[in-house]
Amino acid sequence: MAQSSVAEQAAERARLTFRRLVGLDRSGPPPPQTLHDQPWNIATIPNAIGFVRLALIPVFLVLALSSDSGTDALPAVIFAVIAWSDYADGIAARVTGQYSRFGALLDPFVDRLLVVSGLVVCWYFELLPRWAIALVVLRELFLLVVGLLAERRGLELRINWPGRLAVWPTMSAIFFALVGLATLAEVLLYIGLALAWYAVVLYLRDGLNQLRASSPAPR
């Protein structure tokens with residue numbers, strides 16, 4: 001059985017196309033190592049990248065909040081490095097085949113924490129409309145709670161395409177706000193906000209469908 005699994009992973013790596021490598025092609029079922037009943041398997045290369053990303057977030061926060069305007073170059077560069085290195089752990093997982101349940105949870109957690117941290121800075125220095133920031137933070141906190149509840153119930157709430165597409169307009173909005181391009185940042189934030197809340201509706205629909213499917217049929 002183990003030999004079969006290793007052979008399947010080797011075949012998958014051999015089939016890697018550019019679109020699949022960078023995450024544009026996500027066809028097929030999720031890697032079995034990421035399912036809720038699998039071991040956490042923390043010690044992997046992708047997870048090491050995730051830990052580095054996580055460790056850089058408080059560095060970004062300290063530097064940004066201690067600046068005069070929130071638009072210093074170094075915090076913006078660190079934010080961009082954390083955001084773009086999200087691709088690095090995904091590529092590492094696909095190249096090495098080191099998928100894990102822990103990594104499937106760590107990656108979106110770091111992304112959400114980075115978004116919330118960037119929005120804290122934008123709120124503090126009023127770099128973006130505060131009402132829009134509040135809606136983004138509310139959505140992230142809501143999904144954090146929903147994700148924890150889903151994990152306890154054994155549900156698989158896989159990221160959907162609106163949710164996946166919402167990440168980059170939102171992160172880009174924060175980055176452009178951090179470098180002082182307010183109008184562009186605001187437009188991107190509204191795009192990300194619309195996609196993000198549409199994704200929430202799809203997550204809730206998916207979760208409810210799974211609950212109904214797992215509930216025993218009435219006698």
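The values are calculated or read from the model by the stated rules, or taken from the named source; none is laboratory data. Keep in mind that what you see is a predicted model, and the values were worked out from it rather than measured. Cβ sites come from the backbone with ideal geometry, for glycine too, and all protein chains shown count toward neighbours. What goes into the accessible areas is simple: the full protein's heavy atoms, side chains included, and nothing from ligands, DNA or RNA. Shrake-Rupley method; radii C 1.70, N 1.55, O 1.52, S 1.80 Å.
For the pair residue 73 and residue 183, the difference between a 0.36 nm per residue extended length and the Cα-Cα distance amounts to 37.7 nm.
Between residue 151 and residue 214, the contour length at 0.36 nm per residue exceeds the Cα-Cα span by 21.3 nm. Within the assembled protein chains, the solvent-accessible surface assigned to residue 138 is about 100 Å², based on a 1.4 Å probe.
Applying both filters, DSSP loop and at most 11 other Cβ atoms within 10 Å, to the trypsin sites (Lys or Arg not before Pro) of region 46-153 eliminates every site. Full extension of the chain between residue 85 and residue 116 yields a length gain of 9.4 nm, computed as 0.36 nm times the residue separation minus the alpha carbon distance. Here residue 44 sits with roughly 10 square angstrom of accessible surface, probe radius 1.4 Å.
Computed from the C-beta positions of residue 41 and residue 164, the FRET efficiency with R₀ = 22 Å rounds to 0.40.
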